[in-house]
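To start, the structure itself, in structure tokens.
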Amino acid sequence: MRYKMLLWPHANARYQAETLKLAEAELRLMLDRLAPGAEIAPRAWFDMPCLDISLPETPEDRVIDAVRRHSLMYGLFEDRDGQLSPVAGRFPARVGADLPSILKYKGKTNEMFLQLLVNAALYAGEFWAREDEALSLLDPMCGRATGLFVAANRGWNAVGADVDRNDLKEAERYFKRYLEYHRFKHTVTHASRTLKKGGAPECRFEYAPDADAARRDGMAALSLLNLDASRAEGALGKAAFHIVACDLPYGVRHDAQLAPGAKARGNWLEALLERALPIWRTALKPGGTVALSFNAQNMKLGTVRQLMADAGFEVMAGGAYDGFAHWVEQAITRDIAICKKPM
């Protein structure tokens with residue numbers, strides 16, 4: 001069986017040139033689990049970027065559903081000797097397709113890239129076959145919660161932590177307005193999680209499309225925690241999450257803001273990861289994964305992988321895992337490191 005997957009267009013022409021490589025690496029991780037033996041080839045079809053997919057046999061429904069969740073999937077077509085027949089579009093969002101994209105702010109990470117990060121984490125771990133269940137995701141530096149909204153659209157529960165109270169307040173206001181506008185059944189609870197010293201203020205949303213959905217499927221949850229997740233002993237729980245996914249600060253504008261004097265102490269982000277990774281390991285379920293994106297101009301892939309190994313993780317390397325480095329802008333070359341908590 002042969003398919004063509006048309007890729008979502010990007011307004012930045014130079015970034016668009018990188019999408020074929022990213023899309024191929026993401027799809028390889030997915031199909032290595034779902035359809036071993038699949039072949040993938042990047043193409044430009046009538047000047048439109050696409051991936052050619054060859055499968056040894058007719059795919060199961062879950063293979064097609066997974067491809068529909070690919071971050072850059074625009075449309076999937078069956079290719080019969082050059083004649084294309086439509087198969088599927090993007091998988092429907094559980095909350096709203098526009099949920100991660102409406103809120104705009106300086107330094108925001110593209111929501112499609114965050115979908116890629118989440119997919120890479122999911123298919124590197126041991127919970128990929130439970131995609132349709134209510135998995136739990138932690139973003140330990142969530143900013144204004146774009147990554148949490150991506151998880152919410154998968155039907156997952158999500159917890160985000162950040163040291164910036166103003167960012168969390170903006171995320172809270174935005175999500176509350178979104179749920180109200182779309183008439184979701186929801187509750188908002190303010191509390192505090194216990195730390196060794198003091199507490200971490202928490203805003204917790206529980207929500208469902210309507211009362212019938214709440215009775216049938218239960219309420220999904222999204223929580224915002226005001227705390228430094230690298231010092232969150234006890235606040236996140238043990239073996240509570242299937243995935244940790246985080247787009248780390250790039251160092252372009254964060255160095256002075258988050259770590260004054262950091263240059264005198266060395267790379268502050270490396271020091272933060274050295275403290276944080278063992279805590280995130282405790283918070284992960286066995287077989288769960290950590291996926292971190294970062295600016296490779298400030299911190300090398302090998303360094304991040306070594307910090308992961310030192311924290312007791314199994315580092316994922318080779319093949320598609322080495323294919324995520326890409327240009328973002330002059331001062332940013334982004335890459336991804338992924339590791340798994342041993343079973």
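The values are calculated or read from the model by the stated rules, or taken from the named source; none is laboratory data. The shown structure was predicted, so the numbers you read here are calculated from the model rather than taken from an experiment. Glycine also receives a Cβ, built like all others from the backbone with ideal geometry; neighbour counts cover every protein chain displayed. Only protein heavy atoms, including side chains, enter the accessible area calculation; ligands, DNA and RNA are left aside. Shrake-Rupley method; radii C 1.70, N 1.55, O 1.52, S 1.80 Å.
Tabulated values for the structure
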quantity	calculated
Qualifying residue in the stretch 136-158 (condition: out of contact with any Lys or Arg (no Cβ under 6 Å at 6 or more places or on another chain), hydrophobic (A, V, I, L, M, F, W, C), open to solvent by 50 Å² or more (accessible area, probe 1.4 Å) and over 22 Å from Thr19 (Cα atoms))	no
Yes/no for Pro9 being part of a strand (DSSP E or B) and over 17 Å from Asp81 (Cα atoms)	no
Test: Gly75 is over 26 Å from Gly318 (Cα atoms) and surrounded by fewer than 19 Cβ atoms within 10 Å (Cβ to Cβ)	yes
Cβ-Cβ under 8 Å pairs, at least 6 apart or on other chains, the stretch 92-111 side more than 24 Å from Asp132 (Cα to Cα) and of a type outside the set (Ser, Thr, Tyr), far side at pLDDT 95 or above and not in a loop (DSSP other than H, G, I, E, B)	Ile102/Tyr174; Ile102/Tyr178; Leu103/Thr146; Leu103/Glu170; Leu103/Ala171; Leu103/Tyr174; Lys108/Thr146
The stretch 183-219, residues that are under 20 Å from Arg154 (Cα atoms), open to solvent by less than 40 Å² (accessible area, probe 1.4 Å) and at pLDDT below 95	Ala213, Ala214, Gly218
Qualifying residue in the stretch 46-59 (condition: surrounded by fewer than 17 Cβ atoms within 10 Å (Cβ to Cβ), of a type in the set (Gly, Ala, Ser) and modelled with pLDDT under 90)	no
Single residue of Val315, Val304 found to be closer than 23 Å to Ile332 by Cα and either in contact with a Gly (Cβ under 9 Å, 6 or more places away or on another chain) or without any contact (Cβ under 8 Å) to a residue 40 or more places away in the chain (or both)	Val304
Residue within the stretch 158-174 that is of a type in the set (D, E, K, R), over 21 Å from Glu233 (Cβ atoms) and in contact with a strand residue (DSSP E or B) (Cβ under 6 Å, 6 or more places away or on another chain) present	yes
Flag for Arg80 being among the basic types (Lys, Arg), in contact (Cβ under 8 Å) with a residue 12 or more places away in the chain and surrounded by fewer than 15 Cβ atoms within 10 Å (Cβ to Cβ)	yes
In the stretch 191-232, the residues that are closer than 30 Å to Leu273 by Cβ and in contact with a Leu (Cβ under 6 Å, 6 or more places away or on another chain)	Ala200, Glu202, Cys203, Phe205, Leu222, Leu224, Asn226, Ser230
Extreme residue, farthest from Asp79 (Cα to Cα), among residues of the stretch 40-55 that are free of Cβ contacts under 8 Å to residues at least 40 places away in the same chain and out of contact with any helix residue (DSSP H, G or I) (no Cβ under 9 Å at 6 or more places or on another chain)	Asp47
Among the residues listed as Glu170, Glu180, the single one being without any contact (Cβ under 8 Å) to a residue 24 or more places away in the chain and either open to solvent by 20 Å² or more (accessible area, probe 1.4 Å) or in contact with a Phe, Trp or Tyr (Cβ under 7 Å, 6 or more places away or on another chain) (or both)	Glu180
Positions within the stretch 11-31 being surrounded by 15 or more Cβ atoms within 10 Å (Cβ to Cβ) and either free of Cβ contacts under 8 Å to residues at least 24 places away in the same chain or charged (D, E, K, R) (or both), in sequence order	Glu18, Glu24, Glu26, Arg28
